[in-house]
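Just below is one structure, and these are the notes that go with it.
The values are calculated or read from the model by the stated rules, or taken from the named source; none is laboratory data. Note that this is a predicted model, so its numbers are computed, not measured. Here Cβ is always computed from backbone atoms with ideal geometry, including for glycine, and neighbour counts include all displayed protein chains.
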Amino acid sequence: MTSFNSLSKRAARFGIAIALSATCAAAAWANKPLVTGVDATFAPHAMPKLGGGIDGFNVELGQALAKQLGTTIKIDGTEFSALIPGLNAKKYDFVLAPTTVTEARAKALLFSEGYLNTDFAFVQDKKTPDMKSLDDLKGKTIAVNKGSAYENWARDNAAKYGFKYDVYATNADALQAVQSGRAYANMAGNTVAAWAAKQNPTVKMTYVLPTGLVWALAFRLDDKEGRDRISSALKCLKQNGTVSKLAQKWFGFTPAPGSVAVTVTPGQGVPNMPGYDPTPVNLKC
């Protein structure tokens, strides 16, 4: 009997040790610093700041995620083309740079839910009447950035809507074409367009062309635990208004009701995309 009691006590101690070990491991994971990267030239999402370092919407979003998780974050500024390879090489825990969720990408990566809608927008000279529809482009010239999705759209739709388009090396050059009167409008992403209008009093953002696409945080396919953990923190930042406040600060607009910046998605990931998990999430914010 004594021997049995001794074994029982040892087993109990062993069980406690395992439980403590698991608790410590969970605590260590919770406090593990995050490491991620952004394209540091993509203003206003990430850009150099005076005095060194980088700043922008996504930089502050990353910092807010770390704070929500009770940890710190290291954000590398690099080229966008280096981010996915860095993620897959486990250099980064996730990609913080704006990444458009498409079906092809969602087959190769796991995504958080979206945090911003990524639509096309037009920037015009402030003195011109606001563009109301794509039909207003007839007989006009628009300016687009070379190699961008906007150049592709212009090429595919120029004949349909009866406009011409000029291609520029940078979006800043395309915007200058509007300011100098060489172009009726500059077509760019909605956040970049809003930033340009916020920074430059001579132009305005007018017509927005919805794409149905969103930006989300990207993770390795085998890191569902990391995706769910950080995506849950993102849900909390939507719920408490942080994402909306950052949009107001950096883009100068308040996200509309129903937009992904203010809507907490059921489950984890982007609905109707590969990798989406519809299991209900019990938020602990």
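A few remarks follow.
- Test: Val167 is buried (at least 23 other Cβ atoms within 10 Å of the Cβ) and more than 20 Å from Thr100 (Cβ to Cβ): no
- Residue match in the stretch 104-119 (condition: farther than 11 Å from Arg220 by Cβ, touching a helix residue (DSSP H, G or I) at 6+ places or on another chain (Cβ under 6 Å) and surrounded by fewer than 23 Cβ atoms within 10 Å (Cβ to Cβ)): yes
- Residues in the stretch 101-141 that are among the acidic types (Asp, Glu) and not in a strand (DSSP E or B) were compared, and the one that is nearest to the chain's Cα centre (by Cα) is Glu113.
- Breaking point among (1) out of contact with any helix residue (DSSP H, G or I) (no Cβ under 8 Å at 6 or more places or on another chain); (2) in a strand (DSSP E or B); (3) not β-branched (Val, Ile, Thr), for Pro98: (1)
- Selected residue (criterion: farthest from Ala256 (Cα to Cα)) from residues of the stretch 169-202 that are under 25 Å from the mean Cα position of the chain (by Cα) and in a strand (DSSP E or B): Asn186
- Number of residues in the stretch 154-168 that are charged (D, E, K, R) and within 28 Å of the chain's Cα centre (by Cα): the value is 2.
- Which numbered condition Val35 fails, given (1) closer than 15 Å to Val214 by Cβ; (2) at pLDDT 95 or above; (3) touching a strand residue (DSSP E or B) at 6+ places or on another chain (Cβ under 8 Å); (4) among the aliphatic types (A, V, I, L, M): (1)
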